[in-house]
Amino acid sequence: MDLALATQAREATRPTPGRAPLPKARNLTIGVVGLGCVGSPLAVAFSRELRVVGFDIDEARLRDLKEGRDRTRQIERDDLARARRLRFSGELEKLRAASRTVGETLAPGNVVIFESTVYPGATEEVCIPILEDASAPRCNEDFHVGYSPGRINPGDSEHDLARIRKITSGSNPDAARFVDELYGRVITAGTHPVSDIRTAEAAKGIENAQRDVNIALVNEFAMLFRRLGLNSREVFDAAATKWNFLPFRPGLAGGHCLGVDPYYLTRKAQEIGYSPEMILAGRRINDSMGRYVVEIVIRLMAQRCIQIVGVRVLIMGMTFKENCPDLRNSQVRHLIEGFGYYHARADAWDPWADPDEGHEEYGVTPTPEAQRAAYDVVVLAVPHRGSSPWMGNPSVRRAVRTVSSSTPSAYRRRILPTTASRHTIPGNAPPSAARGALIAGPANHRTREKTIHVL
């Protein structure tokens, strides 16, 4: 959970009768609890103008940030070096769990701002009572609460914190204005204030659910087109020539925003007696895509006389999305589990992923260097670009096992069956298939090889 706590300054704005005074904007000290991919860019942004203290329970994370390293790759080293008003703290004996932690430190006039994705009503129904229980003061009388959902898109340098418009809200009109003005100091794209906290929570919830459902729809199209013998990429490219066609692509939709957050909204819906059929159906489809890809690849292997039991499979990419080191809730785990079910030996190659975290999460340690001439099957699962070297890298081609003239001709045929990323990656082509290798990769990459789409 990412929280921002603005502590009271020496001077305060004139309060509404019956409410604690709000801090004076120029004298604020900001505390950011949770320094992940949302909290750390926020802390750095505010530190350009204000004093900021960043809290986190992960000592390794604090050590990295103090030394100028950000393993989430959301902050450049130079930006951390310039954040001279930012300091980090791991003294969390009073900061045990998000809301209770902040509640124990509240003083009159403080403002607590939540950024976590939650269901509509969670801030007021769950978080505010914890703050009150921990501190005794009452919300809107002694302290104020704001909510501004995080919209960071990991791996997207074009849309960083400052260039994403910020939704803002508060527990009362005075707090709402304060929160909106505070974020306006660091968000160059502007803010969008809404009438209450529940509206802001709901807006964030449907942002994620809508994207998840749209990806599920094109995933279903891709499975249908495969049965019809159609090239899904060609179909999507043709449909995209109409101006109002949404250019989603099929693929493995994981991560927290898509793989977890929609359930917050569906849970609340079910509590009030409404069955959110489309949201849940979309998530069921997306959760099944990793296993679907495995089944198709296994079938292609059998058709080409590739021995399945004991076969060496190299999975290219392990994080939940491209150009991002985050492994949490990656759908690639279903590929690993699926090939294991058939007693295939799956390895992972991902220079973006932390090897220890990969082993802890999925029992497979991603390596930055693929083993030479070791693999009969390569699955291009996550199409990293930029500094990621697998696109056309010679080490990938060297990793693929070649065949001798005695190999059955069906096995020697140069085939490039493909899975698809959910994002369009123009201008990059995957490495050419070595003779005898079965390579599965993103369908939205152009290649001169004959293509059989998995998605």
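Report, ordered by the first and then the second residue, all pairs with beta carbons closer than 8 Å, sequence separation of six or more or different chains, a first member in the stretch 193-214 that is over 25 Å from residue 144 (Cβ atoms), and a second member that is small (Gly, Ala, Ser). The qualifying pairs are 209/282; 212/253; 212/282; 213/282. For the stretch 265-275, the count of residues that are over 26 Å from the mean Cα position of the chain (by Cα) and either among the aliphatic types (A, V, I, L, M) or buried (at least 19 other Cβ atoms within 10 Å of the Cβ) (or both) is nonzero. All told, residue 144 meets the bar of being outside any helix (DSSP H, G or I), at pLDDT 90 or above and in contact with a helix residue (DSSP H, G or I) (Cβ under 7 Å, 6 or more places away or on another chain). Annotation note: Cβ proximity below 6 Å between a residue of the stretch 255-283 that is outside any loop (DSSP other than H, G, I, E, B) and a residue that is crowded, with 16+ Cβ neighbours inside 10 Å and among the aromatic types (Phe, Trp, Tyr) (sequence gap 6+ or interchain) occurs for 255/320; 264/119; 265/119; 268/119.
The values are calculated or read from the model by the stated rules, or taken from the named source; none is laboratory data. Computed from a prediction, not measured in an experiment: that's the story for all the values here. Here the Cβ is made from the backbone with ideal geometry for all residues, glycine too, and neighbour counts use every protein chain on show.
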